[in-house]
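The values are calculated or read from the model by the stated rules, or taken from the named source; none is laboratory data. No experiment lies behind these values; they were computed from the predicted model shown. Reconstructed Cβ throughout: ideal geometry from the backbone, glycine too, with neighbour counts over all protein chains shown. With ligands, DNA and RNA removed, areas are computed over all heavy atoms of the protein, side chains included. Shrake-Rupley method; radii C 1.70, N 1.55, O 1.52, S 1.80 Å.
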Amino acid sequence: MAYWLLKTEPEVFSWNDQIKRGAKGEPWTGVRNFTARRYLKEMKKGEHALFYHTGKEKQVVGIVEVIREAYPDPTDADGVFVAVTVKSIERLPKPVTLASVKADARFKDMALVKYSRLSVQPVTANEWKLLCAMGGLKE
């Protein structure tokens, strides 16, 4: 199973908004970067992603699950980009800040540190385990 990180501006769509969508989830639309598009295409049903608030917060706040694999993004009139649908799984008891990730040498090669502007990113199994522990989740 692969792991991912999805970034969102909480003023536009927040973790609380994601929770309100319930089991039907929410389409992850509006991604307009070709590298991020490639990652969306690689996502498989059942895989998990860290839900990251950008802007002033800059922190991982929850975990979502991919419930529908890549399909044409309904917000893209040109038909170039794709979306996936995700549902909320669990809120992190303790949000993990970007500052704490950058301060930890174990994350020096993480996409979040190296390519901080990329809105959809892969997360290694080890990074996932460490971030979940930092966020207060038990295995």
> Which percent of the accessible area of the chain is formed by carbon and sulfur heavy atoms (probe 1.4 angstrom)?
Replying inline: 51 percent
> Just in segment 107-137: which trypsin sites (Lys or Arg not before Pro) are loop by DSSP and have at most 11 other Cβ atoms within 10 Å?
Replying inline: Lys108, Arg117
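Pop the C-beta distance of Asn16 and Asp109 into the FRET formula with R0 = 41 Å and round what comes out to the nearest 0.05.
On the way: r = 32 Å, r/R0 = 0.77.
Efficiency, from the Cβ-Cβ distance: 0.80.
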> Val120: net charge of surrounding residues, Cβ under 9 Å, Lys/Arg +1, Asp/Glu -1, itself excluded?
Replying inline: +3
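Could you tally the net charge around Leu40, taking each other residue with its Cβ under 15 Å from the Cβ of Leu40, Lys/Arg +1 and Asp/Glu -1? Don't jump to the answer; show the numbers that get you there.
On the way: positive: Lys7, Arg32, Arg37, Arg38, Lys41, Lys44, Lys45, Arg68; negative: Glu26, Glu42, Glu47, Glu65, Glu69, Asp73, Asp76.
Taking every Cβ under 15 Å from that of Leu40, the sum is +1.
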>> Could you check the spin-label model distance between Glu42 and Ser116? Points 7 Å from the Cα along Cα→Cβ, value in nm.
In response: 2.3 nm
>> Residues of segment 119-139 with backbone nitrogen within less than 16 Å of a virtual label 7 Å along the Cα-to-Cβ line of Lys94, please, listed as ranges.
In response: 129-139
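Give me the number: length gained by fully extending Asn33 to Ala125, i.e. 0.36 nm times residue separation minus the C-alpha to C-alpha distance, one decimal in nm. Write down the numbers at each step before the final one.
Values: separation 92, 0.36 × 92 = 33.12 nm, distance 2.41 nm.
Full extension from Asn33 to Ala125 adds 30.7 nm.
Kindly provide the trypsin sites (Lys or Arg not before Pro) of segment 4-97 that DSSP labels as loop, not H, G, I, E or B, and whose Cβ sees at most 10 other Cβ atoms within 10 Å. All intermediate terms of the calculation are to be shown ahead of the outcome.
Details: sites: Lys7, Lys20, Arg21, Lys24, Arg32, Arg37, Arg38, Lys41, Lys44, Lys45, Lys56, Lys58, Arg68, Lys87, Arg91; in loops: Arg21, Arg32, Lys44, Lys45, Lys56, Lys58.
For trypsin sites (Lys or Arg not before Pro) across segment 4-97 that sit outside H, G, I, E and B with at most 10 neighbouring Cβ atoms in 10 Å, the list reads Lys56.
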> In degrees from 0 to 90, rounded to the nearest 10, what is the angle of the helix 125-134 Cα long axis to the longest principal axis of the chain?
Replying inline: 60 degrees
> If the chain between Glu9 and Tyr71 were fully stretched, how many nm would it gain, using 0.36 nm times the residue separation less the Cα-Cα distance?
Replying inline: 20.1 nm
> Per-residue HN-Hα couplings for segment 9-18, Karplus 6.51 cos²θ - 1.76 cosθ + 1.60 at θ = phi - 60°, whole Hz, x for Gly and Pro?
Replying inline: 7, x, 6, 9, 8, 9, 4, 4, 5, 4
>> Over the chain, with a Gaussian network built from C-alpha contacts below 10 Å, which listed residue (Phe107, Phe34, Phe51) shows the highest mean-square fluctuation?
In response: Phe34
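What's the local net charge at Ser88, with K and R +1, D and E -1, over the other residues with C-beta under 12 Å away? Can you show the working numbers first?
Details: positive: Lys20, Arg21, Lys24, Lys87, Arg91; negative: Asp17, Glu26, Glu65, Glu90.
Once all neighbours under 12 Å are counted, the net charge is +1.
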> Tell me, what is the 1.4 Å probe accessible area of Trp128, in Å² to the nearest 10?
Replying inline: 30 Å²
> For Glu9, what accessible area in Å² do you get when you roll a 1.4 Å probe over the heavy atoms of the protein chains, rounding to the nearest 10?
Replying inline: 100 Å²
>> At 1.4 Å probe size, put Asp78, Asp73 in order of accessible surface, largest to smallest.
In response: Asp78, Asp73
> Which of Lys45/Lys108; Lys24/Lys56; Lys41/Lys102; Lys24/Lys114; Lys20/Lys94 have a Cα-Cα distance over 26 Å?
Replying inline: Lys45/Lys108; Lys24/Lys56; Lys41/Lys102; Lys24/Lys114
